[in-house]
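Reading through the structure tokens given below for one structure.
Throughout, read-outs are computed from the coordinates displayed, never taken from laboratory work. Just so it is clear, the model here is predicted, and its values are computed rather than measured. As a convention, Cβ positions derive from the backbone with ideal geometry for all residues, glycine included, and neighbour counts pool all protein chains shown.
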Amino acid sequence: MDESPSPVPVITEVALIMKLRQESMRRLISIILLAVMMLIFSLTNSAFFTVSNLLKVLREASLSGIIAVGVTFVIITAGIDLSTGAIVGFCGMVCANLLYYYNLPWQEIFLISIAVGTACGILNGFIVTKLRVPEFIATLSTQYLYRSMVFVFAIRENNVITNKKIESYPVLILGGSINGFYLVSMAFILFAVIGQILLKSTRFGTYVYATGANRKSAELSGINVDWVRWRVFIITGFLCGIAALFQMGRIGSVTTDMGTGLEFDVIAAVVVGGCAFSGGRGDVFGSVIGAIFMAVLQNGILKYNFPTAVQLIMKGVVIVIMVIFDSIYNQYVQKKIQQAVQNEDAVQIRKGGAEVV
Amino acid sequence: MKMLCRSGRGVRKLSEYLLEMKGIMKSFNDNPVLKNVDFDVKPGEVHALMGENGAGKSTLIKILTGIYPKDGGEIFFDGQSVEINNKNDASKLGISCIYQELSLIPTLTVTQNIMLGKEKRIGGFLNKGKMRKEVVELINRYGFHLNPDANVESLTIGQRQTVEILKALSEQSRLIIMDEPTASLSSKESDALFEIIGNLRNNGVSVIYISHRLEEVYRLADRLTVLRDGVREAVLEKDEIVPAEVVRLMIGKELKHSSQSNEFRVSDQPVSLEVKNLTRKGVFHDISFQAHRGEILGFAGLVGAGRTEIVRCIYGADPYDSGQIFFEGKEIKPSIPANIERGFGLVPEDRRGQGFTPLLSIERNVALTNYDTLARNGVVNAGAERRLGNEMVEKLSIRPFDSQIPVGNLSGGNQQKAVVAKWLSRDMKVMIIDEPTAGIDIGAKDEIYRILEDFASRGTTVLLVSSDIQEIMKVSHRILVVTKGAIFKEFSNGRITEEDLMMAEFGIDEEEAEKNG
């Protein structure tokens, strides 16, 4: 630029952070943390770092990971979905019921599972945006509703709920693998890629961020905020329907508690992956890292034969640490920016990296 | 040619003005705020709008941007008569307003923010390259310095303002209203903003510039309109803008010697609170003063001068970088619980947000600061709580006379009395009270003044922050004038006039001005 005051650009810490963008920095750090954790497990346990174990870890991450793709959208709009586990149970039980009593062809079963999940998402979004019920309360209530539906559709013999084995081969195939690479993991990767593109490269994705970060401003920019919030629930419901199919294939039957507690694994993955509950921050890629992170942790600590209580404590502690880390990191960045303003010597800040222009 | 072919009232000869507001009238509850105001802006000029608080500036702007409907008058834009009924009407015409609280999405980039709601797409996908190119073109056309790919949250306040301005320009704005744009900017950032405003002017964009800072107006404005009490007092051309003259116009000449202050003097009571070189970087610096027992010490100054920030630091609500605070001869490190123990109290500026808990009853609100006496072992003495509540309601005549009513349901004046009541029963040593009468009716104001006098007569040091010139002159025993984060002047003996105080608030030293001619 013609009137550039300092010919030698000084790269300060702040400039560096700003170059990398806060988001990429955060992503880099979570990948490093994941790598460090994997390194520790590999060094202390020979059974951890083998191809078959790593593929198993990926499989464990995949079920909650698929749903986490959708919940990422919900949390970026500053919402929450507590009903995902119940939706999975609902979809699974409807399919098991139809297979047992009507022996429907697999194509119809696939469609029905996805349709039921999507319908649940539509209802969630309707309650949130049209009936103006806060996300937390709305999805807490629908969680009970969907779980009750599981009992409505449960298969009974002599009025006693019984588990029946699923006989449909195409459904069971979904639980399998190709050379040890599980189909559910492929689906996970596929939906993660689609989700990331949707979030980062479409108008809808931009609106998801805008809605979560500053709803008022988004409205003033002509965005139909309610429709955005509705659609993120529909996406999540759809993915729950998909996840239910894979879970059925893996277990080979559907119990009434299928998916119970799954919603918390999903939320944990999303939060560990860097989405802020206050909205506007995070992405699908982060949630993928988060899901894998939780699966690695689970798999690693299992190998030490810790008591269940210790395993649960470790999971909880890791989630808290990651969230604290996030808030400290964000504060740190904000402080750096403010310091730069106060010192007023940061010409490169004011010029805002004009070199790219 | 097309224009001329059209028949009827729409045809006017091309006006030299971009915007003309004629005979604008506006009243709130039969209380006229704008009385037949004319206001006009030429294309490509920076037009400053000045006036005291309550002169009608913000009402005029809100009518122009469609937030308030006008009661009478006409608005012409580009020589055409227009109706502006909402924000959309205003932005369609090309009028936009840069507010102090910015409306950007912090986690999106500069480009995404500017293009929000008008994204370019190929198929279903964003055309990021094209959007970026448009933004870069916009940045270059107006000579800004901004990285189109930076996240807004990584920008300084000044840069965010630039993004807001760009967003307005991308919507083909021809008139940009800036309301106190430099209030939260550093001096360097302000300079950058002035450069931007210069570029806008060169590109034919008009700016309405509202600011209390005379030197900015002096530097930037092509013309200046002064409003006083809802009337256009004067329109000055660039060479007529003289700071002292502008202040006189804002006060009104006939008031010059009519309204006088208390007889100021330094109290002979012992010093209760002493502050030495208190500094908070970027907010205020080198604040030193002594406050005596039984003294009402006024902090006068313009909004944003740093008065609230100073008293909040003394109370312990905000940190400071250097300096010392002494209370009754001993240095203290302010923390809110320790200060309350010492007998400090704060009635904050943001009454609704910080002063009381709206859903709780009057007696509960009053009790909140008194649980050290009301709940000795952690168990609340409900009878004592009730008695205290009733006592306060009676003493301060909080209406309606019922201590069970949630404070949120009271009128502004009675809410303020309830906030004061939180401290009244205690043995107060230092009472800090910030804009105590903002939005309160006259009767309640007098009662609040009486309460302040009452505090002082019992030996409490009262630190009063107020933007109401008449109020601070009437209530204070002594006044410190704060400008731009420093104590500019102290009025501690004799009587002063409104003009004296106002000049000081604007940072004009009259004695010096007279010496220099």
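If you average 1/r across every pair of different Cα atoms in region A:20-89 and take the reciprocal, what Kirkwood value do you get, in Å? Walk me through the numbers on the way to the answer.
Values: mean 1/r = 0.0679 Å⁻¹.
Every distinct Cα pair counted, the radius reaches 14.7 Å.
Take the alpha-carbon centre of region A:200-256, take the same for region B:267-286, and report the distance between them in whole Å. With region A:200-256 and region B:267-286 each reduced to a Cα centre, they are spaced 55 Å.
Count Lys and Arg as plus one, Asp and Glu as minus one, and take only other residues whose Cβ is under 14 Å from that of B:Ser170; the net charge is then +3.
Suppose every Lys and Arg Cβ carries +1 and every Asp and Glu Cβ carries -1, with no other charges. What dipole size does region B:78-156 come out with about its Cα centre, to the nearest 20 debye? Could the numbers behind the result be given before it?
On the way: 10 positive and 9 negative charges, 88 e Å.
Computed charge dipole of region B:78-156: roughly 420 debye.
Mind jotting down a quarter of the surface of the convex hull over the alpha carbons of the protein assembly as shown, in square nanometres, one decimal?
Details: hull surface 195.1 nm².
It is 48.8 nm².
Summarising the label geometry, the points placed 7 Å from Cα in the beta-carbon direction at A:Glu167 and B:Asp286 lie 9.3 nm from one another. Restricting the calculation to alpha carbons of region B:202-342 gives Rg and Dmax of 20.7, 61 angstrom.
Sorting check: for B:213-224, B:132-143, which peptide has the highest mean count of neighbouring beta carbons within 10 Å, and how do the rest follow?
Details: B:213-224: 18.6, B:132-143: 16.8.
Taking the mean over residues of other Cβ atoms within 10 Å, the ranking is B:213-224, B:132-143.
Note on B:Ser190/B:Ser492: beta-carbon distance plugged into 1/(1 + (r/R0)^6) with R0 of 35 Å gives a FRET efficiency of 0.60. According to the Kirkwood relation over distinct C-alpha pairs, the hydrodynamic radius of chain A is 22.0 Å. When peptides B:148-158, B:405-415, B:185-195 are ranked by their average number of other Cβ atoms within 10 Å per residue, the highest-first order is B:148-158, B:405-415, B:185-195.
Could you tell me the relative contact order of chain B? Use alpha-carbon pairs under 8 Å, at least six residues apart, and round to a whole percent.
Details: 969 pairs, mean separation 77.9, N = 517.
Once divided by the residue count of chain B, the mean separation gives 15 percent.
Each of B:Phe299, A:Phe204, A:Phe181 has some number of other Cβ atoms within 10 Å of its Cβ, and from fewest to most they run A:Phe181, A:Phe204, B:Phe299. Relative to the longest principal axis of the Cα atoms of chain A, helix A:51-76 runs at roughly 70 degrees. Going by neighbour counts of Cβ atoms within 10 Å, the residues B:Leu452, A:Leu98, B:Leu346 line up, fewest first, as A:Leu98, B:Leu452, B:Leu346. Under the convention that each Lys and Arg Cβ holds +1 and each Asp and Glu Cβ holds -1, the size of the dipole of chain A around its Cα centre is about 240 debye.
Remark: chain B is approximated by an ellipsoid whose semi-axes, taken from the C-alpha gyration tensor as √(5λ), come to 45, 27, 25 Å, largest first. Counts of other chain beta carbons within 10 angstrom of each beta carbon in peptide B:118-130 average 3. Computed on region A:20-339, with alpha-carbon pairs under 8 angstrom and 6+ residues apart, the relative contact order is 33 percent. With Cβ to Cβ distances under 14 Å as the rule, what net charge do the other residues near A:Gly249 carry (K, R +1; D, E -1)? Residues near A:Gly249 contribute +2 overall. Considering only A:Glu135, A:Glu263, A:Glu167, the Gaussian network model of chain A with Cα springs below 10 Å gives its largest mean-square fluctuation to A:Glu167. For A:Leu82, which sequence-distant residues (separation of 5 or more, or a different chain) have an amide H within less than 5 Å of its own amide H, given hydrogens modelled in the peptide plane? Long-range HN contacts for A:Leu82: A:Thr139, A:Leu140. Remark: region B:107-112, residue by residue, has Karplus-estimated 3J(HN,Hα) of 8, 9, 7, 4, 4, 4 Hz, where x stands for each Gly or Pro and the curve is 6.51 cos²θ - 1.76 cosθ + 1.60 at θ = phi - 60°.
How many angstrom lie between the C-alpha centres of region B:379-412 and region B:465-489? If you average the Cα positions of each part, the centres end up 32 Å apart.
In peptide A:194-205, what is the residue-averaged number of other protein chain Cβ atoms found within 10 Å of each Cβ?
Working: counts 0, 0, 0, 2, 2, 0, 3, 6, 6, 10, 3, 3.
Mean inter-chain Cβ contacts per residue within 10 Å come to 3.
Can you work out the FRET efficiency for the pair B:Arg450 and B:Asp372, with r the C-beta to C-beta distance and R0 = 30 Å, to the nearest 0.05? E between B:Arg450 and B:Asp372, to the nearest 0.05, is 0.65.
Placing unit charges on each Cβ (+1 for Lys and Arg, -1 for Asp and Glu) gives region B:15-254 a dipole about its Cα centre, and among B:Leu64, B:Ile114, B:Met21 the Cα reaching farthest toward its positive end belongs to B:Ile114.
Kirkwood hydrodynamic radius (Cα pairs, Å) of region A:98-169?
Values: mean 1/r = 0.0700 Å⁻¹.
Hydrodynamic radius (Kirkwood, Cα only) of region A:98-169 equals 14.3 Å.
Just tell me how shielded A:209-215 is by partners: mean number of partner chain Cβ atoms within 10 Å of each residue's Cβ, no decimals.
Numbers: counts 6, 8, 1, 2, 7, 10, 1.
Neighbouring Cβ atoms belonging to other protein chains average 5 per residue here.
To the nearest 10 degrees, how steep is helix B:382-395 against the longest Cα principal axis of chain B, on a 0 to 90 scale? Its long axis makes an angle of about 70 degrees. Note on region B:15-254: Cα convex hull, mean projected area over all directions, 14.1 nm².
For chain B, the residue among B:Ile98, B:Ala168, B:Asn339 whose Cα projects farthest onto the positive side of the dipole built from Cβ charges is B:Ala168. In this structure, A:Leu302 and A:Gln107 have a Cβ-Cβ separation that, at R0 = 30 Å, corresponds to a calculated FRET efficiency of about 0.20.
Considering only A:Ile31, A:Ile161, A:Ile67, the Gaussian network model of chain A with Cα springs below 10 Å gives its largest mean-square fluctuation to A:Ile161.
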